[in-house]
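The values are calculated or read from the model by the stated rules, or taken from the named source; none is laboratory data. Computed from a prediction, not measured in an experiment: that's the story for all the values here. All Cβ positions, even for glycine, are placed from backbone atoms using ideal geometry, and neighbour counts span all protein chains on display. Note: areas computed on protein heavy atoms with side chains; ligands, DNA, RNA excluded. Shrake-Rupley method; radii C 1.70, N 1.55, O 1.52, S 1.80 Å.
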Amino acid sequence: AEVRLEASTQTTCEADLTMLREGGDVLDETTADRAVEWLLNTWRDSSDFLARTRPSFVIGMKLPDTLASVLAGASVAARLLVVKFLCELPPQGDQAYATAWAGVVGAMPPETWTNEVALSLGGSADAHHEVLRQPLLGLLAQYDSGARDRLLEEVGAGSLGALSALGDVRRIDSHVVRDLVTILGTRLETTVRDAHANSFGIGGHDFAGALTLLNVWHHDVADWNSLIDFLGDGVVSGRDKIGALRVLTGSLERIPLELTPRLEAVCTAITHAPPSQASMGALFGDEVDVRGPAAHLAAALGVLNEVEGADLLADLLAGDGEKRQWAAMLALRLGKPEDVGILTSLVHDHNSDVRATAASALASLVDTPLDSSMVAACLRQCLLDTGTRVPISIAVTLAQPGHTGSEAREILALLATHRSARARRAAQSAVR
């Protein structure tokens, strides 16, 4: 709240912007609104700021990145200023700049996008690079069939950006999905060949995750063979498999029963592989061990016996922060009293991501047969966490359907006034 961007100097300007960006979720409304106004005005005319600070960073990306963060705590009036600004935004042809402004669009609350706003923004979509054009067309497609048809055409040509912009894959026609499924199957086959040639990509789209999502919602055009062959290949990078394994675990009721033996074989191969092989394909020491997500899927499928589950859980608990997060998810899935005890310990982990995952798991037990006085006591203790990840994870979980008991309502009521804007928003949406 003490940051004054209009007074930033050469030595403080980057720190000031970074503080606001990193702390955007907990800004008071006055501070957030003041930052929004300054950021918009400075982007329009940055001459004074450049002369005063001579920054070493690119303000064309730094300013929208900061704006996207501070919007969380901004008032409705400030958000409307941003909407007006976006409608007048000059063409963003450079991918980096367009990506930064797409972040601003994505940070706006869903209720911002009325018919009028979507039509205004979507009408200028074609002036921008596709990373911004497609999200804007996605907004417009909610009200304009022409925009939807354009995105569907791009989906059929293999664009995962257009698929993301459309949102709900269930509403896409099967003939469009068929074309994309074919393309994604070919992409997975190429990835397998590259992996066996010791060639691994860095980042990019999650082709396996996208194919899995389409498979579970469009059985008539699904390509399960390419997906399962990809997941079962021991040379393919584990990072390329995680998204697909997550989707499968969350979509069990939509997976054909005849696929269970093949998926069981995949999970068994991954969970029994030594860590070095399970992490194959890692680059620059950034190892990815997919035994956690594979064990989670195996437990969900009901093919993980008690001894195997205990061994894998013990192994994950002894690992790094990412493995301990998977330990929390596996403990929830195994669902025995001792597993709940593990969760009550992990909510005190030194790693905030582990605490958040464990807290979310505990919150999901509210109003279930595994609910207990210990679960409620630990959740109340979690509300005292000094960060934001834990309360946000609890609010988001309890806001899901099914948590209607008094304990859930009491916790949501407390979170509805939390310092974190994201926690407040999730809680308030559930108590309305």
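What the table shows:
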item	result
Under the span-like rule (Cα at least 24 Å along the axis, Kyte-Doolittle mean at least 1.0), DSSP H helices of the chain	none
Where N is the number of residues in the range 275-432, Cα Rg divided by 2.2 N^0.38 Å	1.08
MRE, 222 nm, helices only [DSSP H, n ≥ 4, -39500 (n - 2.57), over the chain, to nearest 500]	-19500 deg cm²/dmol
Cβ-based net charge around S364, under 12 Å, with every Lys or Arg adding one and every Asp or Glu removing one	-1
Estimated dipole of the range 180-233 in Debye, rounded to 20 [Cβ of Lys and Arg +1, of Asp and Glu -1, Cα centre]	100
Point-to-point label distance, L119-H196, nm (Cα→Cβ direction, 7 Å offset)	5.5
Charged-residue dipole, Cβ positions (Lys, Arg, Asp, Glu), the chain about Cα centre, Debye nearest 20	640
Relative compactness, the range 19-150, computed as alpha-carbon Rg over 2.2 N^0.38 Å	1.05
Centre separation in Å (Cα based) which lies between the range 179-241 and the range 30-109	37
Accessible-area composition of the chain, carbon plus sulfur, in percent [1.4 Å probe]	52
Relative contact order [Cα under 8 Å, 6+ residues apart], the range 290-432, whole percent	16
Ranked by how many other beta carbons lie within 10 Å on average, peptides 389-397, 3-11 from highest	389-397, 3-11
Cα-based shape type of the chain, given that a ≥ b ≥ c are square roots of the gyration tensor eigenvalues and the cut on a/c is 1.5	oblate
Check: the range 1-92 dipole with +1 on Lys, Arg Cβ and -1 on Asp, Glu Cβ, in debye	260
Convex hull per residue volume in Å³, alpha carbons only, for the range 1-85	78
Value of relative contact order over the chain, rounded to a whole percent, pairs C-alpha under 8 Å and six or more apart	8
Distance between the range 110-152 and the range 402-417 - C-alpha centres, whole angstrom	35
Probe 1.4 Å, accessible area per residue of the range 187-264, Å²	48
Protection proxy ranking of 134-140, 425-431 - average other beta-carbon atoms within 10 Å, highest first	134-140, 425-431
Shape category assigned to the range 229-270 from the gyration tensor of Cα positions, a/c cut at 1.5	oblate
